[in-house]
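What follows draws every value from the coordinates through simple rules; no lab data is involved. Worth saying up front: this structure is predicted, and the values here are computed from it rather than measured. All Cβ positions, glycine included, derive from the backbone under ideal geometry; neighbour counts span all protein chains shown.
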Amino acid sequence: MSKQAKSIVKIVLPLLLGVVLVWYSLSQISLAELADYFKNANYTWVGLGVVLGILSHLSRAYRWKFMINPLGYKLHLPNSFMAVMAAYLINYTIPRAGEISRASIVANYEGIPFEKGFGTIVAERIADLVMILLIIAITLFLEFDYIYKFFAERFDPYKILFGVLGLIILFVVFVVFINRSNSKIALKIKDFVAGLIEGVLSIFRMQQKWAFIGHTVFIWLMYVLMFYVTTFAVDETSGLPFAAILIGFISGSFSIAATNGGVGSYPVAIFAAFSVFGIAKEPSIGFGYIMWAAQTLMVIVLGGLSLLFLPIYNKNRKTSNKELT
């Protein structure tokens with residue numbers, strides 16, 4: 001397959017998947033029922049969730065400074081925040097294009113070389129990956145009894161045990177094979193893992209590593225709280241057990257990577273997670289759409305304003321700098 005064909009597939013496939021999942025989710029609930037959930041939602045909680053989301057994005061923008069400044073460049077917070085929000089908005093059109101545009105924005109307005117800006121974004125993504133894996137580990141630790149009971153009631157415990165052991169053995173065999181192989185795929189995997197480890201270790205070599213780690217924890221704490229407080233907007237999802245909050249959050253987080261900004265996939269992921277706890281499909285999908293719509297609207301507004309004000313802010317900044325000199 002040519003590079004052009006691969007690029008088309010990467011763009012079209014998530015869009016098609018999103019359309020299919022929108023159709024599927026709407027087949028599980030009537031438009032009238034969905035409209036009622038939006039009509040009866042408590043928007044005080046929705047608004048609080050949006051505020052927490054904005055705080056997480058502000059923290060992300062400020063955290064970026066800790067990675068850019070040691071490279072010898074000054075990143076102004078307004079430019080950092082607007083670049084972050086513009087990137088989120090652009091990701092709704094072409095998957096992963098937001099990261100490229102974010103590096104391009106600071107290259108254009110701050111004079112930071114594209115490759116260096118993009119490298120820091122990749123390192124950020126590694127930190128975020130570590131955080132989501134940590135949240136999964138915490139969920140398994142805190143809710144192990146519930147999760148085990150859920151699967152034990154539906155599957156033979158011995159089959160689960162043999163299945164887990166089988167996966168561990170396959171993983172060990174895979175690691176040994178990749179380590180000894182010199183094929184192109186094996187070399188790419190080894191380079192990826194090496195880069196991942198190097199990226200994680202680079203965080204601890206950072207001058208302001210504890211501030212970076214603190215902001216990283218804060219960002220993901222805001223994400224979880226954003227999800228949690230928004231559940232109170234719908235009567236049927238208010239007062240969910242902590243396990244449902246964590247599993248719903250994890251499921252929703254992965255769905256965002258499946259389609260552009262979680263279009264179609266987010267409500268379906270929430271429905272799948274909440275069904276584990278016996279929550280009916282209608283309120284689950286209704287909450288999923290409310291949560292997704294609130295965050296999407298916030299990204300559209302702030303991302304759109306960012307693209308509009310970036311040239312204005314930087315024109316005024318440069319004018320002010322000239323007047324001072």
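Are any of the pairs 209/315; 116/209; 65/188; 184/209; 74/315 more than 27 Å apart by Cα-Cα distance, and if so, which?
209/315; 65/188; 184/209
For a bin width of 5 Å, list the pair-distance distribution of region 76-143 built from all Cα-Cα distances, rounded to whole %.
Each 5 Å bin holds this share of Cα pairs: 4, 17, 20, 21, 14, 9, 8, 5, 2, 0.
Measuring from label point to label point, each 7 Å out along Cα→Cβ, what is the residue 54 to residue 173 span in nm?
The two pseudo-label positions are separated by 5.4 nm.
Over region 30-317, calculate the relative contact order: mean separation of alpha carbon pairs under 8 Å at least 6 apart, over the residue count, as a percent.
Rounded, it is 31 percent for region 30-317.
Note the full-extension length gain between residue 190 and residue 206 as 0.36 nm times their separation in residues minus their Cα-Cα distance, in nm to one decimal.
Full extension from residue 190 to residue 206 adds 3.3 nm.
For a quick check: with amide H placed at 1.01 Å from N, whose amide H comes under 5 Å from residue 73's, ignoring anything fewer than 5 positions away on the same chain?
Long-range HN contacts for residue 73: none found.
Sticking to Cα atoms, compute the Rg of region 30-317 to one decimal and its Dmax as the biggest Cα-Cα distance, whole number, in Å.
Spelled out, the Cα radius of gyration and Dmax of region 30-317 are 21.1, 68 Å.
HN-Hα J couplings of region 88-98 from phi, Karplus 6.51/-1.76/1.60, θ = phi - 60°, integer Hz, Gly and Pro as x?
4, 5, 5, 5, 6, 9, 10, x, 6, 5, x
Would you please give the FRET efficiency between residue 76 and residue 165, computed as 1/(1 + (r/R0)^6) with r the Cβ-Cβ distance and R0 = 41 Å, to the nearest 0.05?
With R0 = 41 Å, the Cβ-Cβ based efficiency is 0.15.
Among 173, 64, 88, whose Cα sits farthest toward the positive end of the charge dipole of region 30-317 (+1 at Cβ of Lys/Arg, -1 at Cβ of Asp/Glu, about the Cα centre)?
Final value for the positive-end residue is 64.
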